[in-house]
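Below you'll find the structure, written out as C-alpha cells, and then a few comments.
The values are calculated or read from the model by the stated rules, or taken from the named source; none is laboratory data. Only a predicted model underlies this, so the values are computations on that prediction, with no experimental measurement involved. Using ideal geometry, Cβ is built from the backbone for each residue, glycine included, and neighbour counts are taken over all protein chains shown. Side chains are part of the model used for accessible areas, which takes the heavy atoms of the whole protein and leaves out ligands, DNA and RNA. Shrake-Rupley method; radii C 1.70, N 1.55, O 1.52, S 1.80 Å.
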Amino acid sequence: PWASYKSTISCEQAFTEGDHMSKTVMALDQGTTSSRTILFRDTGEVIASAGVSLECRYPQSGWVEQHPEEIWSSQQQTITEVLAKAGMTMADVTAVGITNQRESTIAWHRETGESLGPAINWQCRRTTNFCEKLKQEGFDKVLRRKTGLVTDPYFSGTKLHWILQNNAEARKLADSGKLCFGTVDSWLIWKLTGGRVHAIDISNASRTLVFNIETCTWDDEILARFGIPRETLPEVKPSSGVIAEVDSLLFGGSAPIAGIAGDQQAALFGQACFQPGMVKNTYGTGCFLMLNTGSERITSEHGLLTTIAWQLGDTVTYALEGAVFIAGALIQWLRDGLELFEDAAQTEALATAVADSGGVYIVPAFVGLGAPHWDPYARGTIVGLTRDTNRNHIVRAALEAIAFQSAEVLRSMASDTGQSLSALRIDGGASANNFLCQFQADLLGLPVTRPQVIETTAMGAAFLAGLATGVWRDQEQIQTLWQEDRTFTPQLERNVADARLAEWGRAVERAKGWIPSTNL
C-alpha cells in the first residue's frame, strides 16, 4: 500500500547517460496485491515501471482466492505498458526475470491452457484439516525432514491435494495426464511461452511441501501420500539460466526467460545478501525474513523454515526463513476496512502524533499466525484499549505490530544459528516508513539499513536473469550496484525494548487458538 520510495529516472536519461549502449533486463514482479513490470539498465537503475492492482477474494472465512486469468492479464498489461514507456519491444530486452508470490497454487488444462478454478492463494487456510490429519499420522515429521517446511496450509502441496479431491475435472485430467500444476512462476512461464514450457525454479519448488531439498527432486513418498501424479508437476530449473523464450507474437519480439525466484529469495538476492549470515526483511503484504546459510541446511528448533534460496549452476544456496502472514495487509485493512486514513503514507505522521501506543497492541492474525507460532486457529486481536485510545494509537500499534512480529523471527534465527546477527537489510513498500524502520532497529538492538532502490524483489529477478545472459559478470559486480540510502541505529534502552517485547508476547497468547478446528 505504500508508494514507491525511489523515483524512476526518465527513459531519455536512461539511454543517453554514459558512453555505452546499456543492456536492458525486464523483471516481472507478480505479487499478491499487484502485478508489476520493471525495466533495469545494466547499471541497476530503473528505466521504467508499470503496475496494476490485483484483488483477492474471500469466499468464506479463512479462504483466499485469486483468478488465474487476472494474474496473467494484469502481468501482460504491465509488460505492454512498460515497453511503450521505454519505446521498446521485447526484442530490445536482453533477458527477462520472473519473481512471484510463492505457494499460491494454480491448476490448468495441459491442452487448452485454461485454468481449472481459482488460484488458491498462499494465505488460504482451507487445507487445515488435512494438515491436522498429517500431523496425527506423524507424517509431518517426514515432511519436515525432507522438505524443511512445517505442515501448514500455507504451502502448495496441500492445496493441490484439495483441488484433486474437490474438483472433478481436475481429477479426471490428472488421471489422463492432461493436468498441469504450478505456482505463479510456472503459470507465467506457460503463458509467456504460448504453452510450450512447463517449468518451475528450484526456489519456488522448495515451497511446495512435495520437493526434497536434499536430493533436489520431487519426492515420490510425499507425492504418493498427497495423491499427486508426478506428471502434473513442472520441470525444476536453476534460478539463473535460460529456460525458454518469450513467444514472439505476444510483445513484438522475443527475449530469453533467464532468471526466476520466489519473491523472498529474489529479494535476498536483490539485497546482495550473498554471504552466509546476511539477513533481509521484506515488508510487503506479509513480512518475510530470510537468512543466507550457504551450503548448510539448518533445521530450526524455533518454527522457522529451511528452504532453498537459489541455485546458480550446480551450486545450491540454502536459507532460514520466518514468514509473517500479515504486515502491509494490516495497513490496508486500517485504510480500506476501518477507513482510518486515505493513504498509507499518512501512517508515519499519525503514529508520531502520540508519544506511544497507549498500551494498545494489535495481533494481526487474520489468517492465523506464521513463524514462529504456526497457529492456523489464531485470529486478529486488539488488546489494551481504554477510553483514551484514539486513531493515532491504533495506527501506531499497527506499525509496531509489524516490527514485533519481525523481531520474534529474527530472535529465532539467532537462536537456531547460535550466532548474533550484526545487521538487517530491509526492503518492500513499508520500508519507506521511517517510524517503522526506527522502531524495528530499537526492538532488535541492531542497525537496520534501507537501500537506495527498494525494488529489491524485482531487482533480484533481474540480477538472476542478467547473470545468465552476460549482463553482469558475477556476484561481486552485482554487489557494487547495491547502495545504502539510510541506516537506522537503536535508540531505545534495551530493558525498555525487552519489556515491550514481553507485553507483545502476552497479546499474542490471547490471539492463539481463537477459533475451533471445526470452523476451518
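The table below lists the values:
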| quantity | calculated |
| --- | --- |
| Qualifying residue in segment 39-48 (condition: in contact (Cβ under 8 Å) with a residue 40 or more places away in the chain, β-branched (Val, Ile, Thr) and buried (at least 24 other Cβ atoms within 10 Å of the Cβ)) | no |
| Checklist (1) in a helix (DSSP H, G or I); (2) of a type in the set (Asp, Glu); (3) open to solvent by 10 Å² or more (accessible area, probe 1.4 Å) applied to ASP185, failing item | (3) |
| Residues that are touching a Pro at 6+ places or on another chain (Cβ under 6 Å) and at positive phi, drawn from segment 283-329 | GLY294, GLY303 |
| Residue identified as under 15 Å from TRP514 (Cβ atoms) and buried (at least 23 other Cβ atoms within 10 Å of the Cβ) among VAL395, VAL383, VAL367 | VAL367 |
| Where ALA91 falls short, out of the listed (1) in a loop (DSSP other than H, G, I, E, B); (2) open to solvent by 50 Å² or more (accessible area, probe 1.4 Å) | (1) |
| Failed condition for CYS180, given (1) touching a helix residue (DSSP H, G or I) at 6+ places or on another chain (Cβ under 7 Å); (2) open to solvent by 10 Å² or more (accessible area, probe 1.4 Å); (3) modelled with pLDDT of 95 or more | (2) |
| Where ALA255 falls short, out of the listed (1) over 23 Å from the mean Cα position of the chain (by Cα); (2) among the small types (Gly, Ala, Ser); (3) modelled with pLDDT under 95; (4) more than 22 Å from TRP108 (Cβ to Cβ) | (3) |
| Any chance ARG297 is in a loop (DSSP other than H, G, I, E, B) and touching a residue at least 40 places away in the same chain (Cβ under 8 Å) | yes |
| Residues located in segment 218-267, provided they are over 30 Å from VAL471 (Cα atoms) and not hydrophobic (A, V, I, L, M, F, W, C) | ASP219, ASP220, GLU221, ARG225, GLY227, PRO229, ARG230, GLU231, THR232 |
| Residue in segment 237-248 that is assigned to a helix (DSSP H, G or I), touching a residue at least 60 places away in the same chain (Cβ under 8 Å), open to solvent by less than 20 Å² (accessible area, probe 1.4 Å) and not small (Gly, Ala, Ser) present | no |
| Among residues of segment 312-371, those that are among the acidic types (Asp, Glu) and touching a strand residue (DSSP E or B) at 6+ places or on another chain (Cβ under 8 Å), counted | 1 |
| Residue in segment 338-346 that is touching a Leu at 6+ places or on another chain (Cβ under 6 Å), more than 20 Å from HIS302 (Cβ to Cβ) and open to solvent by 30 Å² or more (accessible area, probe 1.4 Å) present | yes |
| Residues located in segment 60-114, provided they are closer than 21 Å to VAL197 by Cβ and aromatic (Phe, Trp, Tyr) | TRP72, TRP108 |
| Selected residue (criterion: most open to solvent (accessible area, probe 1.4 Å)) from residues of segment 484-500 that are part of a loop (DSSP other than H, G, I, E, B) and in contact (Cβ under 8 Å) with a residue 24 or more places away in the chain | GLN491 |
| Members of segment 257-313 that are among the basic types (Lys, Arg) and in contact with a Lys or Arg (Cβ under 8 Å, 6 or more places away or on another chain) | LYS280 |
| Members of segment 142-164 found to be more than 13 Å from GLY303 (Cα to Cα) and free of Cβ contacts under 8 Å to residues at least 60 places away in the same chain, listed by number | ARG145, PHE155, SER156, LYS159, TRP162, ILE163 |
| Residue under evaluation THR449, criteria (1) part of a helix (DSSP H, G or I); (2) free of Cβ contacts under 8 Å to residues at least 40 places away in the same chain; (3) open to solvent by less than 40 Å² (accessible area, probe 1.4 Å), criterion not met | (1) |
| Every pair of residues 6+ apart whose Cβ atoms lie under 8 Å, when the first sits in segment 175-192 and is at positive phi while the second is in a helix (DSSP H, G or I) | GLY177/GLU231 |
| Residue match in segment 398-414 (condition: touching a strand residue (DSSP E or B) at 6+ places or on another chain (Cβ under 9 Å) and open to solvent by 40 Å² or more (accessible area, probe 1.4 Å)) | no |
| Matching entry among ARG425, ARG396, ARG391 (being within 20 Å of THR293 (Cα to Cα), of a type in the set (Lys, Arg) and at pLDDT 90 or above) | ARG425 |
| Among the candidates LEU424, LEU410, LEU385, LEU436, residue that is farther than 24 Å from THR489 by Cα and of a type in the set (A, V, I, L, M, F, W, C) | LEU385 |
| Test: VAL471 is open to solvent by 10 Å² or more (accessible area, probe 1.4 Å), without any contact (Cβ under 8 Å) to a residue 12 or more places away in the chain and either farther than 25 Å from GLU301 by Cα or not in a loop (DSSP other than H, G, I, E, B) (or both) | no |
| Residue that is surrounded by the most Cβ atoms within 10 Å (Cβ to Cβ), among those in segment 301-335 that are under 20 Å from the mean Cα position of the chain (by Cα) and polar (S, T, N, Q) | THR307 |
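For every residue, the table says whether it meets (1) open to solvent by 10 Å² or more (accessible area, probe 1.4 Å); (2) in contact (Cβ under 8 Å) with a residue 40 or more places away in the chain; (3) over 20 Å from the mean Cα position of the chain (by Cα); (4) under 20 Å from GLY262 (Cα atoms).
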| site | (1), (2), (3), (4) |
| --- | --- |
| GLN60 | yes, no, yes, no |
| GLN75 | no, yes, no, yes |
| SER104 | no, yes, no, yes |
| GLY117 | yes, yes, yes, no |
| ILE120 | no, yes, no, yes |
| LYS133 | yes, no, yes, no |
